[in-house]
Amino acid sequence: MAGGPEDAARGEEGRDPEPQDRDQHVHAVAADQGVEGGAVHAAPEREPVAHETHPLEALHGEEGGAEEQGQREGADERRPVVAAHGAEPCILFAIMFLWQIPHSLAIGRMYRDDYARAGIRVLPVVDRDGASTGVQVVTNCLALLPVALLPTLVGLAGPVYFLVALVLGLGFLWSAIGLARSGSPAAARRLLFASLVYLPVLLAVMALDKLTS
């Protein structure tokens, strides 16, 4: 028995949809779920994290900067000092250089025979008559006399030093002339004694005169 229109409608509702319609429905549901899942599970964007400096690194950086600044300041302080006092070390070196030659030759003349036996050929050993030795001691003492007065001219010492250096230089020169004239061990001993008095007294007066001026 054929059913009525109501049976036909119920029959149509009970049947499965067509394959094409079913596929479209599945894709639409999947798309909806993907959008919802993306909205729910999407990872939030990360903000850029600033690099945090470790306290030890910051301390090291501050110490390094302070050290570099201190080195620059020290160099700036030293530069004008060297420029202003460039002549003073040269004068002191010249005094020491010129002083040592008469001092050494006096010792060489005193112990000439000992040097000769040891095979050490210093000037008094090869210069048997003492002429060259006399020329060397007098020449260096003459050169030392004006050089020793230069500290007063450059401001390293005052007038007291100038007078003392002049007296010491003349006495040193007189002893050198005595050795050049006689060439005896006694004259060499006097020159050695004069050299030992000259340098310590000269430097001591230079330092004291600079402190008191």
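Just so it is clear, none of the values below were taken in a lab; they were calculated from the coordinates. Please read all numbers here as calculations on a predicted model, not as lab measurements. Virtual Cβ from ideal backbone geometry, glycine too; neighbours counted across all protein chains shown.
Looking at the stretch 130-153, which of its residues are small (Gly, Ala, Ser) and in a helix (DSSP H, G or I)?
ALA131, SER132, GLY134, ALA143
Has the stretch 154-165 got at least one residue that is closer than 30 Å to TYR111 by Cβ and either touching a His at 6+ places or on another chain (Cβ under 7 Å) or in a helix (DSSP H, G or I) (or both)?
yes
Does at least one position in the stretch 183-194 carry a residue that is outside any helix (DSSP H, G or I), surrounded by fewer than 18 Cβ atoms within 10 Å (Cβ to Cβ) and touching a residue at least 12 places away in the same chain (Cβ under 8 Å)?
Taking every residue of the stretch 183-194 in turn, none turns out to be outside any helix (DSSP H, G or I), surrounded by fewer than 18 Cβ atoms within 10 Å (Cβ to Cβ) and touching a residue at least 12 places away in the same chain (Cβ under 8 Å).
Going through the stretch 117-129 one residue at a time, which ones are assigned to a helix (DSSP H, G or I), farther than 17 Å from SER184 by Cβ and among the aliphatic types (A, V, I, L, M)?
Once the filter is applied, which keeps residues that are assigned to a helix (DSSP H, G or I), farther than 17 Å from SER184 by Cβ and among the aliphatic types (A, V, I, L, M), the stretch 117-129 yields ALA118, VAL126.
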